[in-house]
Structure formats: C-alpha cells, structure tokens
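Since the structure comes first, as structure tokens, the remarks are kept for the end.
Each value in this text was obtained by applying a stated rule to the coordinates, not by laboratory testing. All values derive from a computational prediction rather than experimental measurement. Here the Cβ positions follow ideal geometry from the backbone for every residue, glycine too, while neighbour counts run over all protein chains shown.
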Amino acid sequence: MRWFFRKTTSSPAQTLLNTSHVHELGPREITALSNVGKIKKYEAGDFLFREGDRNRNTFLVVKGSFRVTGDGRNNPRQSVIFGKGDWIAEGTYLKAPQKLSSVIARESSAVLALDETALSSLDRSLETYILKKIHELACSEMQRLSALQESSSAQSQYLQDYIARYVDEKSRAYDHSEMLQTMFNNLPSLPMHTNRIVQLITDEEASPREVTEVAREDPSLVSQILKTINSAYYSLSQQISDIQYAITYLGFNQVYQIVVSNGMRKIMPRTREFQELHDHSVIISHLVFMICQYYDRRKSSTSSTIALLHDIGRSVVLLLKKQNPKLAFFIGLLDTSEIGAILLKAWNLPEAICQTIKYQKLPEFMPPEQLPTEYKDNVALLYIAHAAYEYLAGNTPEDAQTNPFLDDYMKLLRFSGISIEELVERCILPNGDGKINTLPRHVRTFILGHRKQPAKNVAFG
C-alpha cells in the first residue's frame, strides 16, 4: 500500500519571515504580512531608498543589514544600522511623506516591503504592533543621539578651553622672547601723523571736525590725501585741489584708509606679496565698514582701521624673512596674529586694535561667548567680513568646510536668520552702490566683478 503525502511548502516571504528574528509574531501575523508584502533583495551598495523619495513604504529587514548614508554611497551621515527584525519607516507617517535620508545595503540583504495599500489592509492589532516597533526603534535612536550629542559637546568644550589656554601660553612666550624683541627693534615705525589719526578715530566720540583739524595741521598729510585722491588708484574724472572738498567727497572712512594705507606702504617692502596683502586688507576694511552701517555705525571707523591692519603680522613676517634670509623657515612658523598684535602694541596703538588682531583667528575654533567681551564685536566684524570676501571671490561652502560657529557670529551682529549670501546681496552691495565711485579702483573691481545678481536694499532692526 502506497502512502501519498502532500508536500506543504511555505512562500518565500514566510520562509524569510520565519528566520528574521521577529519573535513576537505568530503564524497568523506572519501569514498576513507575507500575503500583502513583497520580498525585495539587495546587494551591498544598493539603495533601499534615496533622500527625497516620496512614498509611504515601510520595510522589515529579514536578511542582512542596512545603514543610513548621505547623498553618495561612501558618505555616511551617521552610524545608524538596521539589522534583521528592524522596521524602517522614515517619512511614512508624515503628512507629506518624504525620505529624509538615504538607506543603503551593507551586505547581501532582503526586506519585506509594505506599500500604503498593504499597510491599510492589515488588521488593527498588527498595524499597532508595527507602529510600536517603529516607535521603540525611534526612541532608542533618540537616546543614542542624545548621548552622542552630550559627548560631542563635552569634547568641543574641552578643545575650546585647550585652545584658549594654548593662545594665552603662547602669547606670554612671544612677549618674553628676546629674539623677537630684537627683530622688532629693527622694524620701522608708523609715521607720526598716521599714529595720531589712528589714536583719534578709535575714540567713538570723536567728531568729524576733530579729524579734519588734525589733517589740516599736517601739511604732509594734506599732500598725501590730495596726491592719493588724484592718482589712478581712485581714477576720478577731474583733479581735486581743495582738502576740505577732498575729505567731504571721500568721507572720513576713506580718509582713514588713505592715511593708514600710505603709512603702511612707507614701512613695508615694495614686493608683489606685500601688495597682495595690502590690497586684501583694503577690501576687508571696506567690507567691515559697510557691515557696520547695519550693525553699529559708531564702530565703523575703529573696526575698518582694525581690518586695514589685521594682516600686519603677515607683512612683518615677509619683512623679517627679507632681513633674515637664513632664518626664513623658522620665521615662517611664527603666528602672524601674535606678531601683529605685539608690533602694534610696540607702536602704542590702542588696546582694542592690538587685542582684536591677536584674537582674529579664534572664530574658526570657538563661539563668540568664549572670546573676551570687550573685543568680541570687532573680532566678529572681521570674521564676517572675511566670509563675505570669500563669497564675493566665488568660494562657496562646497569649496571649503563651513564654520560651525558662523551663525553664532552672525547672530552677535544682529544678522540672525540670514546667510552670508543674503548679507552680501542685500546689505553690502546696496551700501556700496551709493559711494562706489569713491572706492579704490581694485575694491570697485573686486566688488562689481563678483556680483551675483542685482542688489536689493534691506533694513535690519
């Protein structure tokens, strides 16, 4: 007598589900899922979905594993791993479903995919189970990210404190270096009238009349202003011979630029490297002045003068290398911000100028609250002006890493909620339009030559 047996076979979905570590599900639930879902297989590197995809699909990992990634295959955004038994439902339950990241297979893997129709066909208890698993995974991930944030914040604070201590220790070492002091003693000083003007304009209460009177008292300064304004540097259509008219036409900020620029030219070498540094400093100075028109006009003269002198340390290094060619390698290792601050202090320039130049690089490493209170505004103005310079020069965030503290410094200057692009296009360019013809030729060329779109003026509170 032959016995006949019917061989009962499970569907591929049931087979995978039975080995997927979904211990809470019984045979009825597994059968229900396998009837409405579809098994999809992926090889290592295949995308389960991409950022921006719009659908309400939910996935149960039944084999292998997946990870969250950025826009590219080799660009992990965060170390989130989905293994067997995990549910992936990013964006499924949002009002406007959209995947907020990309998920990629780490190895040969498979999922049970449930579309919106399949989900809606499940009974309430099974749907509740799926929601519970998704919620548990989300809570677990939030706890992990919270712990990671606390750890990152502690590390960041440690590094900020370390940099602050390092800057202070290095500053003391520079101050007591006999070799540096000997080198500085061989450097020329700023002309006397330049120093007097700088001293005066750093007083926020100084009136334009006082500055004019100082200029009139020094025939060489009057000659400097007239010579400069009538040079090809400004490219004016007619000769100007009246000092009062020249000062009125240029504005006091331009007069300060002329005074300090010419003073610097007298003491620094006539080389291409120095000229490039000088041209850069003049542009930064004008950008600072324009930004101050929206932040605090009383700081315009002081801050733009600081900007004009901010690279003095780099200029000094060039000069020291020329004077000491055998030590050129070691001189190149000097901190130019420290060098500049020490030199300006030796010239008896105001503390606000010296300290701002000393701290000018710190915004790359720490937020504004870590800086000395009395100098943070000037440091922020110098930093934001450089960011605007980079934007005008065409250096987008893709060309260089974005500073994590940029928004903090924008907020300090009351530019909350706007980008560097908006600051330039809506504030700096309209501000420059009114006096574009009074700007030095290379400044006009730089600003107008890099304009992205027609400027629209805007007011900030």
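Report the FRET efficiency, 1/(1 + (r/R0)^6), for Leu333 and Asn403, where r is their Cβ-Cβ distance and R0 is 30 Å, rounded to 0.05.
0.80
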- prompt: Which loop-located trypsin sites (Lys or Arg not before Pro) does segment 269-298 contain, where loop means any DSSP state but H, G, I, E or B and the Cβ has at most 12 other Cβ atoms within 10 Å?
  reply: Arg270
task: Would you mind ranking Thr58, Thr117 by Cβ crowding within 10 Å, fewest neighbours first?
output: Thr117, Thr58
statement: Taking Cα atoms only, Rg over Rh for segment 178-449 with Rh from the Kirkwood formula is 0.95
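DSSP loop (so not H, G, I, E, B), at most 16 other Cβ within 10 Å: list which chymotrypsin sites (Phe, Trp or Tyr not before Pro) in segment 224-331 pass both filters.
Tyr233
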- prompt: Most exposed first by the Cβ proxy, i.e. fewest other Cβ within 10 Å, how do Arg196, Arg54 rank?
  reply: Arg54, Arg196
- request: Would you pull out the residues with amide H under 5 Å of Leu48's amide H, same chain only if 5 or more places away, H placed 1.01 Å from N?
  value: Val103, Ile104, Ala105
field: Burial ordering of Thr128, Thr336, Thr373, fewest other beta-carbon atoms within 10 Å first
entry: Thr373, Thr128, Thr336
message: Please compare each pair in Lys227/Lys326; Lys170/Lys326; Lys299/Lys321 to a cut-off of 31 Å on the Cα-Cα distance and tell me which ones are over it.
response: Lys227/Lys326; Lys299/Lys321
